[in-house]
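Step one of this worksheet: look at the structure below.
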Amino acid sequence: MARIDDMLRHLKAHEGSDLHLAAGIVPRIRSHGDLAEVEGWPELTDQSLREIVREIATEADWKSFEECGDLDFAYGLEGVARFRANYFVQERGAGAIFRIIPEDIMTLEDLKLPAAIESFCHLNQGLVLITGPTGSGKSTTLAAIINEINRTSSRHIVTIEDPVEFVHQNQKSILSHREVGTHTLGFSPALRAAIRQDADVVLVGEMRDMETIALAITAAEMGMLVFGTLHTNSATKTVDRIVDAFPADEQNQIRVSLSESLAGVVSQLLLRTVDGKGRCAVHEILLKTSGLANVIREGNTPMLNSMIQSGKQLGMQSMDDSLFAAVESGTIRAVDAHRKAYEKSRFDPLVAKEESAD
């Protein structure tokens, strides 16, 4: 048994999300958003840490890590969970992060996601972007969407990830899980191949570069339903990020293509619940309407905020509205919502009320 297994079992038993290992410090786990040292575990040295993490890496992966200083892969511990592993080198030596990937894929109902997100499962084509910072639950939301498609419709679903996280069993659909570095050289080659693989639905784990973004948009234009992720925190910034990935002389053309293919944007954040025993997802949601294409073509992205406000009856919502509703329902604290809000003055009375109650 690998020595890391005991640490990973401890992570699962204490409802943690991430195990942090680094030379020069005591191992820590992140639980409900907070990092805490694990009592009874010794401070790691560069040598001891490398010995521990080398046990579960293949020879090829370890050679790659020693050559470039970074490594990503998935590790499965039977009866516990799968983990997304990231090895790196930092000032004091080696480091590693293990993020738990739940064995059971949560459904849309389990996650209590807005109905507008469920509507993406029934699209036949278009580009849907799930965005947010690292650790905001994008992968979990996407897994629930793919699970719903798999459960309810007969399609060929291709997932392209680095590494593969959630593993779906074939139900009504057929799934092809492809891992970058193992099954394909990169996101772009895999996405280009998916166009020739009779794929109906494609999940792109990360839209990292201009070529991947361009191919995702092309696939959507050709009739596929494409899901992708970006590290942006609003619909406006998402559209700007895509356009800005291209040279200035290509941006007008990409606006035209994006305006025709974009089916929706969901920006997601995770905040600690009031009881401190879990986390709650809040969302900004932009859906495709007749006016969306013109706004994108004209480069008038600030107008997207107005479109979201006027589209509430369709299921659209702003991040501030979602935060406000979560505070009023008693799910999250006002002070936490205030930190994430754009229009902070709107939350000042809620913070004052909360502080007076404390």
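All of the numbers you see were taken from the coordinates with simple rules; none came from a lab. All of these numbers come straight from a predicted model, not from anything done at the bench. As a convention, Cβ positions derive from the backbone with ideal geometry for all residues, glycine included, and neighbour counts pool all protein chains shown.
Want the number for Asn86 to Ala36: 0.36 nm per residue separation, take away the alpha-carbon distance, what's left?
Extra length available between Asn86 and Ala36 comes to 16.1 nm.
Report the relative contact order of the chain, percent, no decimals, based on alpha-carbon pairs under 8 angstrom and at least 6 residues apart.
13
For region 4-101, what are the per-bin percents of Cα-Cα distances with bins 5 Å wide, up to the bin holding the maximum?
Over region 4-101, the share of Cα pairs per 5 Å bin runs 3, 14, 26, 26, 21, 9, 2, 0 percent.
What is the Cα coordinate range of region 179-228 on the first, second and third principal axes, sorted by size from largest, in whole angstrom?
The Cα atoms of region 179-228 stretch 27, 22, 14 Å along their principal axes.
Sorted from largest down, give the three principal axis spans of the alpha carbons of region 203-291, whole angstrom values.
Projected onto the principal axes, the Cα atoms of region 203-291 cover 51, 26, 23 Å.
Collect residues whose amide H, placed 1.01 Å from N in the peptide plane, falls under 5 Å from the amide H of Val274; neighbours closer than 5 in sequence don't count.
Close amide H contacts, sequence-distant or interchain: Ile332, Arg333.
In whole Hz, with x marking every Gly and Pro, tabulate ³J(HN,Hα) for region 198-212 from phi via Karplus 6.51 cos²θ - 1.76 cosθ + 1.60, θ = phi - 60°.
6, 7, 9, 10, 10, 10, 9, x, 8, 9, 7, 9, 4, 5, 5
For region 109-116, take each phi angle, set θ = phi - 60°, evaluate the Karplus expression 6.51 cos²θ - 1.76 cosθ + 1.60, and give the result in whole Hz per residue in order, putting x for glycine and proline.
Going residue by residue, I get 5, 4, 7, 6, 7, x, 4, 4 Hz, with x marking Gly and Pro.
I need the phi-derived Karplus couplings for region 13-22: 6.51 cos²θ - 1.76 cosθ + 1.60, θ = phi - 60°, integer Hz, Gly and Pro marked x.
Karplus values, whole Hz, x for Gly and Pro: 5, 9, 6, x, 10, 9, 10, 10, 10, 7.
Rounded to the nearest 0.05, what FRET efficiency do Asn252 and Arg196 have when you use their Cβ-Cβ distance and R0 = 25 Å?
0.30
Given 0.36 nm per residue, what is the gain on full extension from Glu51 to Asp5 after removing their alpha carbon distance, in nm?
Once the chain is fully extended between Glu51 and Asp5, it gains 15.2 nm.
Using the alpha carbons of region 59-202, what is the convex hull volume per residue in cubic angstrom, as a whole number?
Cα convex hull per residue, to the nearest whole number: 140 Å³.
Considering only DSSP beta bridges whose two residues both sit in the chain, what percent are antiparallel, to the nearest 5?
That works out to approximately 60 percent antiparallel.
Can you give the alpha-carbon Rg of the chain over 2.2 N^0.38 Å, where N counts its residues?
Rounded to two decimals, the normalised Rg is 1.04.
When only DSSP loop residues count, what GluC sites (Glu not before Pro) in region 56-153 have their Cβ near at most 10 other Cβ atoms within 10 Å?
Listed in order of number, the matching sites are Glu78, Glu91.
List the residues, sorted by chain then number, that are 5 or more residues from Ser176 or on another chain and whose placed amide H is less than 5 Å from its amide H.
Answer set, sorted by chain and number: Ile157, Val158, Thr159.
Hey, got the Cα dimensions of region 216-358 along the principal axes, in Å, largest first?
55, 30, 27
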